[in-house]
1. Can you tell me the alpha carbon radius of gyration of region B:69-165 divided by the globular rule-of-thumb value 2.2 N^0.38 Å?
2. Per-residue Cβ counts within 10 Å, from other chains only, averaged over A:72-84: what number is that?
3. From the mean inverse distance of alpha carbon pairs (Kirkwood) and the Cα radius of gyration, derive Rg over Rh for region B:1-64.
4. Label residue B:41 and residue A:131 with points 7 Å out from Cα along Cα→Cβ: what is the distance between them in nm?
5. What distance in nm separates the two pseudo spin-label positions at residue A:139 and residue B:122, each 7 Å out from Cα along the beta-carbon direction?
6. Given 0.36 nm per residue, what is the gain on full extension from residue A:17 to residue A:112 after removing their alpha carbon distance, in nm?
7. From the square roots a ≥ b ≥ c of the eigenvalues of the alpha-carbon gyration tensor of the protein assembly as shown, which class results: rounded (a/c under 1.5), prolate (a/b over b/c), or oblate?
8. Sorted from largest down, what three extents in whole angstroms do the Cα atoms of chain B have along their principal axes?
């Protein structure tokens with residue numbers, strides 16, 4: 001039935017948790033493209049039939065015309081579903097690059113969900129963000145609300161090793177250690193879940 | 001064309017509508033009851049909305065009111081709109097109704113949708129702010145996609161307000177990274 005596979009692809013994307021990616025469904029994607037080719041072939045054979053009968057293709061309205069029309073509409077529909085699938089995934093990838101990926105590698109479990117071109121897209125997007133920020137010599141990725149206190153207390157959640165160089169000192173980030181860091185330094189680690197802020 | 005990439009719009013257009021073909025069509029396998037791969041004039045078929053819309057504009061078919069707007073649903077909505085299980089009729093009840101109304105020429109659909117939405121909207125907001133988790137989950141199964149989005153938005157704004165009131169850590173782990181898994185060491 002026309003457009004069902006494309007519908008499945010879009011539904012799979014919609015059923016996922018909002019803002020999170022599932023692994024790129026290459027198989028279903030290829031099947032939809034195959035279906036598009038089938039529709040295209042059927043369309044061409046119907047048009048050939050009309051030409052053999054000597055009818056003017058643009059204006060004749062016989063049964064072949066409507067059959068060709070249905071194939072054409074199914075093709076457009078499949079295209080729309082494929083485009084929406086890729087577009088919405090790219091939106092999530094941009095979000096990831098902005099929030100997490102600027103200087104660092106993504107956790108492996110997220111990385112394996114990308115397709116090859118999506119990986120490239122992620123890298124290129126991070127690179128252009130970085131070059132933009134370095135040209136401005138301004139980090140636009142930090143919290144937009146000016147804080148009351150430029151320093152915050154954090155607890156390290158995972159072992160990050162020693163001798164990490166921050167903007168004003170070097171620190172030793174062993175697990176469960178507490179530090180008093182500059183807000184802008186701590187932000188990148190908190191966003192990646194490696195530290196947590198301590199309030200109160 | 002602002003909805004071209006919109007996932008909800010695409011899914012809403014996949015709903016089936018009953019149509020009657022005015023013109024025959026060859027070379028397509030749409031009618032499951034015909035032996036040849038063609039559709040005859042006067043055949044009654046269920047088509048997805050995206051196909052039906054375009055064929056209607058080219059005057060090849062006529063569309064009749066889909067099953068989810070039948071008399072039974074209307075009576076239920078008139079009785080008590082807040083308890084009707086619209087999700088089982090169609091998870092895109094309102095969007096579907098809005099798209100169908102000009103194609104079918106039924107003026108009463110608009111009034112039906114509006115009255116149902118008004119009553120349910122009130123219910124959604126009150127439940128989002130006050131209901132405990134157990135009662136709420138049964139209610140959630142009755143909601144269409146659009147209504148669930150409203151419900152979640154209400155809950156998010158409520159928790160944001162509470163957080164502002166109590167104070168809390170401002171910097172958070174990025175939500176795109178997903179839920180934290182406990183590390184076993």
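None of the figures in this text is laboratory data; all of them are computed from the coordinates on show. Nothing here was measured: the structure is a model prediction, and the numbers come from that model. Methodologically, a virtual Cβ is constructed for each residue, glycine included, from the backbone with ideal geometry; neighbour enumeration extends over all protein chains shown.
1. 1.18
2. Values: counts 1, 7, 5, 0, 2, 7, 0, 0, 6, 5, 0, 3, 8.
Mean partner-chain Cβ count within 10 Å for A:72-84: 3.
3. Details: Rg = 12.9 Å, Rh = 12.5 Å.
Ratio of gyration radius to Kirkwood radius: 1.03.
4. In this crude spin-label approximation the distance works out to 6.3 nm.
5. Taking the two extended label points, one gets 5.2 nm.
6. Numbers: separation 95, 0.36 × 95 = 34.20 nm, distance 1.69 nm.
That works out to 32.5 nm of additional length.
7. Working: a/c = 3.27, a/b = 1.71, b/c = 1.91.
Oblate is the answer for the protein assembly as shown, as a/c is 1.5 or above yet b/c matches or exceeds a/b.
8. In descending order, the Cα extents are 68, 47, 32 Å.
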